[in-house]
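Only one structure is covered here, and it is reproduced in the block below.
The values are calculated or read from the model by the stated rules, or taken from the named source; none is laboratory data. Not measured: the values here are computed from a predicted model. Heavy atoms of the whole protein, side chains included, go into the accessibility calculation; ligands, DNA and RNA do not. Shrake-Rupley method; radii C 1.70, N 1.55, O 1.52, S 1.80 Å.
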Amino acid sequence: MRLRGTMKGLFGSRGILLAGALLVTAGPLPAEEDGGARIIADPGKRPFASNREAAMDAEDSYLRARIAEYGAYVPQEAVEDANKDIARGKVKVFFLALEESSRPLSIQGPVQGLPESESVPIGAGCIDPVHSEDCPAAYRQALRNAVQYGILYNAEIARRRGLTPRVEDLIDLGLENETSVFLGDRADWGRVRVELRDLQGPFGGRDILLAGSGAVLVRAVRGEGGQLVERRYRLRLPDAEVGRSLRALAAYDPLAVRIDEAPAEPDTARPEIILTNPWGRRRCISFFQQPVPPAADPGDRTPAQRIDAAYREILRYERMAEEGAPALYSGAFTGEGGWKEFVEQAGRE
């Protein structure tokens, strides 16, 4: 019997988890320590109770205690609670208690560099081992409540302390998608960068950089008279437009798309979308550009349609620049070095 360590497997698992150990009903139950509370099957109170009945009593006691404990968490207050604990210098780290091991919720890898911390285990599901019936709905609801709180609390600790978030936890609970988790809290989007690298050798293309501060840099490269010519533009977007664009990119969730590396036709364009989050981490999506039919339902796009929508969201700034901004440079194509120089110069101004 194994309990899966994913959010989708939490609430249909087999076995009752008591601080990492399964409750066994093959014999009399000794007193068990569970997080400081004693669970005692006391035959003295029920002189004719069988082992089975004693196990059920202990199980009911455990479930009642966990329902009260897990139901007391308020997920909507998790982020605020995490920041309060950071301010006072002692934080919690919520762990998903598994049959064989435990792992922190929404934090990838070892938990290091924290101030004083307290580990808080959360059980990984239950079932009545006597009757093989699912545990009460009240328990499942309370457990889900505690897991949601722990995920959001730990995610804020990870964000504030520079730890790597475990994106799958938020995705599996339906709380966030991969791209929005990577971009972080909207209050920090001023430090986000979105870059489109779309130069295709002798055919030209464009480089576009959208900064969360509202600055947009565009380099459009075209073939003219047998040579490549580039023009550079700079835009300044209002905060509302930057927020709209980043929200759109998050909704398309390009980071969650797994690219098919099947061979493409010769000379097929292969743009790159590069996202940099507020903490300087970069993710790159590289894809062969193929004809993509429009989505019949904007809320139900295929992976290819999501990538295409993200690409076109960034691409619109090229047209906006060409139609409404003066060219800062117009001349021979300057290669990779020219784009790097343009970006560095803009960053100094």
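Annotations
- For segment 225-349, the calculated P(r), taken from all Cα-Cα distances in 5 Å bins from zero up to the bin holding the longest distance, is 2, 8, 14, 19, 20, 17, 12, 6, 1 percent.
- Taking every protein chain into account, the accessible area of segment 203-287 amounts to 46 square angstrom per residue (probe 1.4 Å).
- Fully extended contour minus Cα-Cα distance, from S213 to A295, at 0.36 nm per residue: 26.4 nm
- Above 12 Å, the calculated P(r) of segment 172-224 contains 71 percent of its Cα-Cα pairs.
- An oblate overall shape is assigned to segment 193-281, the ratio a/c of its alpha-carbon gyration tensor axes (a ≥ b ≥ c) being 1.5 or greater and a/b not exceeding b/c.
- Calculated from backbone phi, Karplus (6.51, -1.76, 1.60) coupling profile of segment 106-117 in Hz, x at Gly/Pro: 6, 10, 8, x, x, 8, 10, x, 8, x, 3, 9
- Protein accessible area in segment 200-349, 1.4 Å probe - carbon and sulfur %: 51
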